Amino acid sequence: MIVIERFEGGIAVLEEVSNGKITEIDRSLLPENAGEGDVVNFQNGSYIINKEKTAERRRSIIARMRKMGL
């Protein structure tokens, strides 16, 4: 799973969650509506937002935060 970690100007910082590998790419290679925390897939030479995995990941994070009382 590849997650958009953050944006630094025109650069997008991506993290491969399985191994912690960090990759920097030009922000223009991502869809215009891509945001921090979105899960993306690299298919046929393009990055595509995986809306299902993004929503699943956000629900998981919210649940963990609630358990912590945040």
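Every number in this text was worked out from the coordinates using simple rules, so none of it is lab data. Because the structure is a prediction, the values reported are computed rather than measured. Positions of Cβ are generated from backbone atoms using ideal geometry, with glycine treated the same way; all protein chains shown enter the neighbour counts.
Give the lysines whose C-alpha is closer than 25 Å to that of Lys21, dropping any in the same chain fewer than 8 places away, or say none.
Lys51, Lys53
For the stretch 10-17, just list the computed ³J(HN,Hα) in residue order, Karplus coefficients 6.51, -1.76 and 1.60, θ = phi - 60°, integers in Hz, with x standing in for Gly and Pro.
x, 10, 10, 9, 10, 10, 7, 4
Would you mind computing, in nm to one decimal, how far apart the modelled labels at Asn41 and Arg66 are, each placed 7 Å from Cα along Cα→Cβ?
2.8
Enter the per residue convex hull volume of the chain, computed from alpha-carbon coordinates, in Å³ rounded to the nearest integer.
It is 101 Å³ per residue.
Taking amide H positions as placed in the peptide plane 1.01 Å from N, state which residues far from Asn50 in sequence (5 or more) or on other chains have amide H under 5 Å from it.
Val39, Val40, Asn41
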